[in-house]
Amino acid sequence: MKILVVGKGGREHALIKTLHSSPSKPDLFCFPGSDSIFEIAGQTDATDLPTLIDWMVGEEVDLCIAGEESYLVKGEGLANLCAVNNIPCWGPNKNAAQLEASKNFAKEFMFRHDIPTGHSQLAHSYDQALAAINGQYPTVLKFDGLAAGKGVAVCPDADSAQAFLSEIFEEKRFGEGSLLVEEYLEGPEISIFAAVSGSQCFVFTPARDYKLIGEGDVGANTGGMGSVAGRKILDPELMEEIQEKIISTTITGMEQDNFSYRGFLYFGLMLTKDGPKVIEYNCRFGDPECQAVMPLVSGDFAKFCMGGAQGKLDSSLLEFSEDWSVCVILASHNYPAGSRSGDVIFGLDKLSDSTQLFHAGTRKNSAGEWETSGGRVLAVVAQGETRIEAVENAHKEASKITFDGAQRRTDIGILNF
Ligand code: AMP
Ligand code: GLY
């Protein structure tokens with residue numbers, strides 16, 4: 001079985017390592033990939049979506065897996081083009097992928113199908129937005145379009161809201177577009193991942209991520225500084241409520257709207273005092289949650305994804321450990337404000353055999369050493385029978401790796417419990 005994975009980060013490295021250890025022993029390829037991924041997956045000669053499709057057709061690829069979301073909505077859409085060329089794709093079509101690409105599309109979907117979420121109003125101008133906020137702070141403002149993760153502002157007061165409204169409507173920082181003014185929801189966040197194939201759905205181990213750069217959840221938003229995963233992160237009654245009120249209603253809603261969804265669906269939830277509510281959908285696995293969840297998965301992940309892409313989800317192909325798993329990110333100097341490359345990484349050979357290492361922003365230099373290539377650099381992941389054990393293992397292992405300017409939070413898996 002030939003499988004092509006789309007993406008290049010730590011999430012894709014984790015997905016590819018899990019595919020690599022599948023008993024069906026697939027031939028793996030990755031686009032655009034990275035030096036570390038290319039140690040276990042082949043390269044393509046593609047440069048964009050059309051040439052990638054040509055490459056897959058030429059190589060008779062059996063399955064395309066969308067690790068990251070961007071190609072799902074680019075051009076005619078990765079999954080749509082795969083369908084035209086009879087290549088099974090584990091990732092949704094362009095219409096369904098709007099659940100992630102358009103905040104307003106997702107909200108309208110949730111309202112239509114009675115899926116618990118915060119109330120919201122769409123605004124097309126600065127004044128409309130201000131009227132929708134109606135003096136209620138904190139408020140949440142979301143640009144309705146692709147904004148490279150920078151389109152959401154949680155505003156505690158009028159000054160911060162007006163500053164963001166100016167960026168959107170006056171400076172047009174993200175180009176033309178409208179804005180959702182959303183109710184501020186309070187509570188711990190949780191990430192739920194489901195493999196979805198039409199009306200079939202199978203939920204993976206839930207996780208929590210840590211988005212802010214600083215210890216104690218302070219400072220700038222990042223792509224994620226770590227994560228913790230474990231079945232016991234949610235008590236069974238709450239998981240049942242999420243299954244019933246959110247996951248099932250979403251699957252039924254997608255069926256009613258003829259989405260033909262195939263792929264991972266990520267529910268970003270806020271556990272409010274009025275029950276769990278959806279903050280957002282993503283049409284992919286979370287990063288860095290994937291890096292914590294994947295080491296808990298055994299069985300034939302490759303066959304599982306292939307089945308899902310062909311409309312037959314077979315959860316008996318997989319087994320999930322009851323352990324906890326903690327992922328600690330090492331980020332480059334000055335991230336996320338800036339990003340430095342070229343710092344040589346030391347200590348990779350000191351990790352214990354039971355630790356998993358996933359590369360996000362690394363490359364091999366001319367001397368054959370691993371060095372940073374900016375942003376988030378590495379994910380160090382370890383497990384334990386208890387959360388505390390997993391925390392201790394992951395942090396001990398992460399501390400063995402050093403490079404100039406490395407940033408690492410020491411409260412991953414500890415804070416918010
Ligand atoms: P999003 O891009 O929609 O995931 O939003 C980014 C982050 O903003 C989320 O992970 C939350 O921490 C926060 N956020 C988004 N929507 C809300 C909301 N309605 N209430 C409170 N915080 C929110
Ligand atoms: N963990 C956040 C994300 O993947 O968007």
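Numbers at a glance
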| item | result |
| --- | --- |
| Sites matching GluC sites (Glu not before Pro) across the range 270-358 that sit in DSSP coil, with at most 11 neighbouring C-beta atoms within 10 Å | 322 |
| Rounded D (µm²/s) - the range 55-129, Kirkwood Rh over Cα pairs, Stokes-Einstein at 25 °C, 0.890 mPa s | 171 µm²/s |
| Rg over Rh, two decimals, the chain (C-alpha only, Kirkwood Rh) | 0.95 |
| Qualifying trypsin sites (Lys or Arg not before Pro) for the range 172-228 [loop in DSSP, other Cβ within 10 Å: at most 15] | 172, 173 |
| Cα-based equivalent ellipsoid of the range 244-321: semi-axis lengths in Å, sorted from largest, via gyration tensor | 23, 18, 11 |
| Helix-derived mean residue ellipticity, 222 nm - over the chain, DSSP H n ≥ 4, -39500 (n - 2.57), to 500 | -7000 deg cm²/dmol |
| Kirkwood hydrodynamic radius over Cα pairs of the range 1-139, then Stokes diffusion coefficient at 25 °C and 0.890 mPa s, in µm²/s | 143 µm²/s |
| Violating pairs (Cα-Cα greater than 29 angstrom) within the set 94/273; 303/400; 94/312; 17/245; 25/396 | 94/273; 303/400; 17/245; 25/396 |
| Estimated D of the range 341-415 in µm² per second, where Rh is the Kirkwood radius over Cα pairs and Stokes-Einstein applies at 10 °C, 1.306 mPa s | 122 µm²/s |
| Peptides ranked, highest mean first, by Cβ atoms within 10 Å: ranges 334-342, 298-306, 259-267 | 259-267, 298-306, 334-342 |
| Between the range 179-217 and the range 239-298, the alpha-carbon center distance in angstrom | 7 Å |
| Carbon and sulfur %, accessible surface of the range 1-41 computed with the full protein complex present, 1.4 Å | 49 percent |
| Potential extension, residue 298-residue 173 segment - 0.36 nm per residue separation minus Cα distance | 40.6 nm |
| Semi-axes of the equivalent ellipsoid for the range 1-47, Cα gyration tensor, largest first, Å | 16, 12, 8 |
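The values are calculated or read from the model by the stated rules, or taken from the named source; none is laboratory data. This is a predicted model, so every value here is computed, not measured. Note that we place each Cβ from the backbone using ideal geometry, even for glycine, and neighbour counts take in every protein chain shown. SASA here: full protein model, heavy atoms, side chains in, ligands and nucleic acids out. Shrake-Rupley method; radii C 1.70, N 1.55, O 1.52, S 1.80 Å.
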